[in-house]
1. Kindly indicate whether any position in the range 257-267 is on the phi > 0 side of the Ramachandran plot and either more than 19 Å from the chain's Cα centre (by Cα) or basic (Lys, Arg) (or both).
2. Could you list, in sequence order, the residues of the range 305-341 that are free of Cβ contacts under 8 Å to residues at least 60 places away in the same chain and part of a loop (DSSP other than H, G, I, E, B)?
3. Filter the range 201-219 down to the residues that are touching a Phe, Trp or Tyr at 6+ places or on another chain (Cβ under 6 Å) and either more than 23 Å from Val261 (Cα to Cα) or touching a residue at least 60 places away in the same chain (Cβ under 8 Å) (or both) and list them by number.
4. Of the conditions (1) surrounded by 15 or more Cβ atoms within 10 Å (Cβ to Cβ); (2) at pLDDT below 95; (3) part of a strand (DSSP E or B), Ser395 satisfies every one except a single condition; which number is it?
5. Between Gly136, Gly164, which is surrounded by fewer than 22 Cβ atoms within 10 Å (Cβ to Cβ), at pLDDT below 95 and within 16 Å of the ligand (Cβ to nearest atom)?
6. Scan the range 262-291 and report the pairs whose first residue is touching a residue at least 60 places away in the same chain (Cβ under 8 Å) and whose second residue is exposed (fewer than 14 other Cβ atoms within 10 Å of the Cβ) and among the charged types (D, E, K, R), with Cβ atoms within less than 7 Å and a gap of 6+ or a chain change.
Amino acid sequence: MKNIRIFITFSLIIIIMQLVGCQKDDSRIPQTNDGNTDYYLRNYAYDELYKDGVFDEDMSTPAYKRTKVYPTKNTVYSFFASWKRSYINENRTISTYPLCRDPLCSHTKLPCISYAALTSDSVIEANGKLYLLISGDDEKKNKFIEYDTSSGKYTVIGEFVNGGQLIARLGRFVYFYVIRIDGHTDSGMQLSTLLLHRYDIAEKSLEKIGERNSKESFLQAAGHAGYIYYIDVYYNLCRCDVNFQNVVELVSNKNVITYEVIYDKIFYLTKESGNDYGILYSLDIDNKISEELYDEVTWFCIYNNKLYYSKYSPVEAFDWDFPQTGEDGKRVIKNKMIIIMNGNTIYSIDLDKAGKKVGNPLPMCEKLTEEGCYLGETFAVYDGYVFTHLKESYSDGAKKGMLTGVTAISIADGQINRLESEYVIFS
Ligand SMILES: [Zn+2]
């Protein structure tokens, strides 16, 4: 079954960017603009965060989030052009379905969850419920919703004037921000504030916990062992408490692009702007000592006490016809070689040996290259599979395109499972 969709992914990204940044007036919703920045929030003990053992750690580390794959106890959610849910079966096969559970649904109108979530590329899960920020036209509005995966129904928890972003989950709390438009400068630049919100799943209560300058955004946030970790807008690695206060910069002035927290250690990758690679470090949080593990690293993730990383080793994959701006400023389609910076190879090593020895290349990578399939820039490992946006050459007559999408590759035998894919051809 061939499903040709052109530009969809690219246009979706643009739509998401516009929705986050766009101003949407709705006089029916009161807008708080009290300028109040002091929030007296009570502290929560560690046991309260993970209340009665009901709330576990959020599994979505930055490697998963960047790959747009969200593993939970028995389901892997993924987003490419739309949301999918996948199950790894006992016989090591993968079954994939749309997020919406109604087999008769066309997924083109509310209250279908696949349709509602089409403009949201992140999701937070807790105990079989999904939390999403959806935004869109007048009917959809900007809403924070809870989707019950067993009943297939969602509940609106909060409704907002503007859109925003999910941040992370820490135990029983889901964090997100929505944007408040404060006006414009004389030069027409939009002034806005991030309104931090926290939803308490245990108490079913939503509260605003603070305001931040819109320039102080949070990248790759993840809740872990009582703290929220994130990369700030200056690419420092920070962590804060349950109230998003008492911020500590754990790594400063090093351009951190991704990280993983394992017990009392943080593994992080730095990358100078313009570079395709950087240095992978480990940091002992308590004694603040950073150790360099590997250089020229393009990406990494950790799963089950194993480190998986890729090294800078550019290879020419295949050429495709890609739109570029010609000398006269007009859009022209030009043939261009796709360079894979990671050498189409992932190395793995036990975490306790990381930095002491070079990792072993995963044998499945050689098979991928033989089949003309190439790993995406980012990847994440879960339950014996590498998840990545696999790229493969595709042609339609004389036109050269690419087959890409979210793919799970079996580490054991290199079997390729396309959870969602698109043929991208420009003309
Ligand atoms: Zn549907």
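1. yes
2. Going residue by residue through the range 305-341, those that are free of Cβ contacts under 8 Å to residues at least 60 places away in the same chain are 305, 307, 309, 311-316, 324-332, 334, 336-337, 339-340.
Hits for the range 305-341 are Asn305, Tyr312, Ser313, Pro314, Gly326, Glu327, Asp328, Gly329, Lys330.
3. Step one: filter the range 201-219 for residues touching a Phe, Trp or Tyr at 6+ places or on another chain (Cβ under 6 Å), giving 206, 209-210, 218.
Within the range 201-219, Leu206, Ile209, Gly210 qualify.
4. All conditions pass for Ser395, except number (1).
5. Testing whether each residue is surrounded by fewer than 22 Cβ atoms within 10 Å (Cβ to Cβ), at pLDDT below 95 and within 16 Å of the ligand (Cβ to nearest atom) leaves just Gly136.
6. Ser282/Glu291
Residue-by-condition table, conditions (1) at pLDDT 95 or above; (2) surrounded by 12 or more Cβ atoms within 10 Å (Cβ to Cβ):
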site	(1), (2)
Asp276	no, yes
Lys288	no, no
Glu292	yes, no
Pro314	yes, yes
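Residue by residue, here is whether (1) acidic (Asp, Glu); (2) within 16 Å of the ligand (Cβ to nearest atom); (3) over 24 Å from Asn243 (Cβ atoms) holds:
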{"site": "Tyr40", "(1), (2), (3)": "no, no, no"}
{"site": "Thr61", "(1), (2), (3)": "no, no, no"}
{"site": "Pro103", "(1), (2), (3)": "no, yes, yes"}
{"site": "Glu125", "(1), (2), (3)": "yes, no, no"}
{"site": "Leu130", "(1), (2), (3)": "no, yes, yes"}
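The values are calculated or read from the model by the stated rules, or taken from the named source; none is laboratory data. Remember, it's a predicted structure, so these values are computed and weren't measured experimentally. FYI the Cβ positions are ideal-geometry reconstructions off the backbone, even for glycines, and counts take in every protein chain you see.
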